[in-house]
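Peer 1: A single structure is presented below for examination.
The values are calculated or read from the model by the stated rules, or taken from the named source; none is laboratory data. No experiment lies behind these values; they were computed from the predicted model shown. Neighbour counts run over all protein chains shown; Cβ positions are idealised from the backbone, glycine included. Surface areas here come from the heavy atoms of the whole protein model, side chains and all, with no ligands, DNA or RNA. Shrake-Rupley method; radii C 1.70, N 1.55, O 1.52, S 1.80 Å.
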Amino acid sequence: MRLINTQTLRMREFLSDVPPYAILSHTWGDNEVTFASSLTLLKTDISTHQPPLSQQSSSHPGEHEGPKVISKIAGFCDLAKGDGYEWGWVDTCCIDKSSSAELSEAINSMYRWYADAAVCYVYLSDVDSSRSVTETRPNYDVLVKDIQQSRWFIRGWTLQELLAPYVVEFYDAKWRIVGTKKELCSAITAKTGIPEEVLLGGNACIRRRPGAERLSWASDRTTTRPEDLAYCLLGIMDVNMPMVYGEGGKKAFARLLDKYIRLNNDHSLLLWVDAHPFAAYKYRGGGRAALATQPSEFKRSQPLRTWTHFPERQIGQQ
């Protein structure tokens, strides 16, 4: 796992004994700092772990005057450093995506990395609020509406970033805190359909939910690459599989379901609704296969209830 030092902005790879770290959740924009570009923009020598040749300092997160493309990382590092974290992780620059092996390992490990983080900072770049949730009620309602309309809530990768970490803090475009996952829990449930007990119950609670319900949480989410709509669910479904970009979204999702079925006796995956029920003639044989082809077909599968045993019924009881 490659982490960025919040003080020096240098990177270091940890194979074991990973120190406590903060982690960033955000939506990608134009000109994000990638691993390759960070070698120049952050002036970081990855091989020797030398500190940057030039650093910027600021007493307030996000107020760096350097290149705009690194302001998000600078704001994140300032915030983490202020909270006492020496190390942080940002997906844009801490993964060398030119290496297919490293990318596959990172995607399969990402849910765990978010779960193991000391704190997750959610950066809502399209929310600009001057007041936090602890202020007056009228402004709280406006703030909640702004948060619910954020692009962050419709992206595929941010689903696991919401669920996996225990401590989640939300910040607006100017790095002003707008609330924690616990404080905003009811608003998040209203937006996502994810029950509050799941949002606050941790990984064990998620694992107890039926597979179809977990897939339904991604039913309204999108990804830039079609395969990522399956890959972003690996941790939530508790499976691992290699990345095959170019296989298409349906094949990637089919592989996800196949891996899950092999590990779980979960019939809830049959509880899906065809997104195009009157287009069966498009398929050979005039019908569909037994399993869904995309998360949106599980939209009506939330919430589901499971039983460890069925209640006894008297003979003749209706």
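Peer 1: Filter segment 79-112 down to the residues that are within 30 Å of VAL244 (Cβ to Cβ) and open to solvent by 30 Å² or more (accessible area, probe 1.4 Å) and list them by number. Lay out the reasoning, then the answer.
Peer 2: At the first step, the residues of segment 79-112 found to be within 30 Å of VAL244 (Cβ to Cβ) are 89-112.
Those that are within 30 Å of VAL244 (Cβ to Cβ) and open to solvent by 30 Å² or more (accessible area, probe 1.4 Å): ASP96, LYS97, SER98, SER99, SER100, ALA101, GLU102, LEU103, GLU105, ASN108, ARG112.
Peer 1: Scan segment 189-200 for residues that are hydrophobic (A, V, I, L, M, F, W, C) and either open to solvent by 40 Å² or more (accessible area, probe 1.4 Å) or in a helix (DSSP H, G or I) (or both) and jot them down. Can you show your working first?
Peer 2: Keep residues of segment 189-200 that are hydrophobic (A, V, I, L, M, F, W, C), which gives 190, 194, 198-200.
ALA190, VAL198, LEU199, LEU200, listed by residue number.
Peer 1: Among the residues of segment 229-241, write down those that are without any contact (Cβ under 8 Å) to a residue 60 or more places away in the chain, open to solvent by less than 10 Å² (accessible area, probe 1.4 Å) and part of a loop (DSSP other than H, G, I, E, B).
Peer 2: Within segment 229-241, just VAL239 meets the criteria.
Peer 1: Next up: Tally time: how many residues in segment 204-228 are open to solvent by 60 Å² or more (accessible area, probe 1.4 Å), in a loop (DSSP other than H, G, I, E, B) and among the basic types (Lys, Arg)?
Peer 2: Looking only at that region, the number is 2.
Peer 1: Criterion first (at pLDDT 95 or above, of a type in the set (Val, Ile, Thr) and open to solvent by 10 Å² or more (accessible area, probe 1.4 Å)) does VAL244 satisfy it?
Peer 2: Numbers: at pLDDT 95 or above: yes; of a type in the set (Val, Ile, Thr): yes; open to solvent by 10 Å² or more (accessible area, probe 1.4 Å): yes.
Yes: the conditions hold for VAL244.
Peer 1: I've got another one for you. Report the residue count in segment 202-226 for those that are under 19 Å from ILE261 (Cα atoms) and touching a residue at least 24 places away in the same chain (Cβ under 8 Å).
Peer 2: The number of residues fulfilling the criteria is 12.
Peer 1: Still on this structure: On the basis of being under 23 Å from GLY193 (Cβ atoms), in contact with a helix residue (DSSP H, G or I) (Cβ under 8 Å, 6 or more places away or on another chain), modelled with pLDDT of 95 or more and of a type outside the set (S, T, N, Q), does LEU271 make the cut?
Peer 2: Details: under 23 Å from GLY193 (Cβ atoms): yes; in contact with a helix residue (DSSP H, G or I) (Cβ under 8 Å, 6 or more places away or on another chain): yes; modelled with pLDDT of 95 or more: no; of a type outside the set (S, T, N, Q): yes.
For LEU271, the condition - under 23 Å from GLY193 (Cβ atoms), in contact with a helix residue (DSSP H, G or I) (Cβ under 8 Å, 6 or more places away or on another chain), modelled with pLDDT of 95 or more and of a type outside the set (S, T, N, Q) - is not met.
Residue by residue, here is whether (1) open to solvent by 60 Å² or more (accessible area, probe 1.4 Å); (2) farther than 25 Å from LEU270 by Cα; (3) modelled with pLDDT of 95 or more; (4) over 18 Å from the mean Cα position of the chain (by Cα) holds:
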site: TYR140; (1), (2), (3), (4): no, yes, no, yes
site: LEU143; (1), (2), (3), (4): no, yes, no, yes
site: ARG151; (1), (2), (3), (4): yes, yes, yes, no
site: ILE154; (1), (2), (3), (4): yes, no, yes, no
site: TYR166; (1), (2), (3), (4): yes, yes, yes, no
site: LYS174; (1), (2), (3), (4): yes, yes, no, yes
site: ILE177; (1), (2), (3), (4): yes, yes, no, yes
site: LYS181; (1), (2), (3), (4): no, yes, yes, no
site: GLY202; (1), (2), (3), (4): no, yes, no, no
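Peer 1: When you go through (1) more than 22 Å from LYS97 (Cβ to Cβ); (2) in contact with a Lys or Arg (Cβ under 9 Å, 6 or more places away or on another chain) one by one for LEU184, which number turns out not to apply?
Peer 2: Unmet for LEU184, out of (1) more than 22 Å from LYS97 (Cβ to Cβ); (2) in contact with a Lys or Arg (Cβ under 9 Å, 6 or more places away or on another chain): (2).
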